[in-house]
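Asks: My questions all concern the structure below.
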Amino acid sequence: MKTIKFIAMIFIATLVFVSCQNEDALEKEDVSAEKYPEIASKLKEMYFNTDDLVAVDLNLPDGTKQKAFEVEGDITFTEEQIMNMQMGGNIESKQYRTYNLVSTPWWGTRTITIIGYTGANASGLSNKERTALRWAVNNYNSLNLKIRFQLTFGTNYGPKDIVVYRANIGFTGGKAGFPANGNPYKWVRINGMNIYSTNVNEHVLTHEIGHAVGFRHTDWNTRASCGGTGEAAGTDGAVHIPGTPWGYDSTSLMLACFPSNSNGEFNANDRTALNFLY
């Protein structure tokens, strides 16, 4: 899937894990660095692994499509976002963040508008998904961070900062992207989540919103929660957040894969990471 890389949680469960980074089999075009040299060069500059760079059509709630690029299996960017991306922050140092965060005023909080799409088409959220989105937003707002989410439901998503909707993303789970130009990533997509509990839906939505504000998977370098290999070679692409463990954090909400018995809540290290950044 195309989720932005940031804090990730891994859960050891007796039931099957579902990855938020499985390949999207829909409308994607394998591309090479030779075909999009400027895109590839900029992504490498930001320490993304471009080995699996693909061009995709991002399906929006109203049925229109937007050209985008995906890297590392679950991270989505438009060309404009890639070319305007800048490395920022002065954290030198196991939660991990990307180089791009949501900008906040020094004098107070920033309100981020988020809408759960309720259109009558297939993109509309179910009642369970709407409840889970409320819980996910509360996970952040209860921490009194410098970012605060203002949640509404409806179909007028144009002016909103983040849009949460259903989309056929080729697997069960969610996808999102990283911040650009100081703004959160706009499109949070979920698929096939009604078969899971409200808590698991809360987990996936909280996780994807985490990507949208700049968090990478906790186990990005190993994807141990999925039994797979790391998302990128080396550590340059993930900035360790002070105060969080370097080792495997088995209950982090930002692991690459989630179990079917998740409670949908941040653990202590996730809260430490959020309070450090925001």
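The values are calculated or read from the model by the stated rules, or taken from the named source; none is laboratory data. Everything quoted here is computed from the prediction, not taken from an experiment. Here the Cβ is made from the backbone with ideal geometry for all residues, glycine too, and neighbour counts use every protein chain on show.
Asks: Looking at segment 55-79, I want the residues that are over 21 Å from Tyr157 (Cα atoms) and have a partner that is at pLDDT 80 or above and loosely packed, with under 14 Cβ neighbours inside 10 Å with Cβ atoms under 9 Å, at least 6 apart or on another chain. Which pairs are those?
Replies: Ala55/Lys67; Val56/Lys67; Glu79/Glu38; Glu79/Lys67
Asks: Still on this structure: Looking at (1) surrounded by fewer than 19 Cβ atoms within 10 Å (Cβ to Cβ); (2) modelled with pLDDT of 75 or more; (3) more than 19 Å from Tyr140 (Cβ to Cβ); (4) not charged (D, E, K, R), which one does Asn275 not meet, given that it meets all the others?
Replies: Among (1) surrounded by fewer than 19 Cβ atoms within 10 Å (Cβ to Cβ); (2) modelled with pLDDT of 75 or more; (3) more than 19 Å from Tyr140 (Cβ to Cβ); (4) not charged (D, E, K, R), the lone unmet condition for Asn275 is (3).
Asks: Suppose we filter Gly237, Gly227, Gly247 for residues that are within 26 Å of Lys42 (Cβ to Cβ) and at pLDDT below 75; which single one remains?
Replies: Gly237
Asks: So is Asn191 touching a helix residue (DSSP H, G or I) at 6+ places or on another chain (Cβ under 8 Å) and either buried (at least 18 other Cβ atoms within 10 Å of the Cβ) or within 23 Å of Gln66 (Cβ to Cβ) (or both) or not?
Replies: Details: touching a helix residue (DSSP H, G or I) at 6+ places or on another chain (Cβ under 8 Å): no; either buried (at least 18 other Cβ atoms within 10 Å of the Cβ) or within 23 Å of Gln66 (Cβ to Cβ) (or both): yes.
Spelling it out, it is not the case that Asn191 is touching a helix residue (DSSP H, G or I) at 6+ places or on another chain (Cβ under 8 Å) and either buried (at least 18 other Cβ atoms within 10 Å of the Cβ) or within 23 Å of Gln66 (Cβ to Cβ) (or both).
Asks: Another one. Just need a number here: residues in segment 134-167 that are part of a loop (DSSP other than H, G, I, E, B) and closer than 15 Å to His211 by Cα.
Replies: Initial filter on segment 134-167 (part of a loop (DSSP other than H, G, I, E, B)): 142-146, 155-161, 167.
Within this subset, residues satisfying the condition of being closer than 15 Å to His211 by Cα are 161.
Summing the residues that are part of a loop (DSSP other than H, G, I, E, B) and closer than 15 Å to His211 by Cα in segment 134-167 gives 1.
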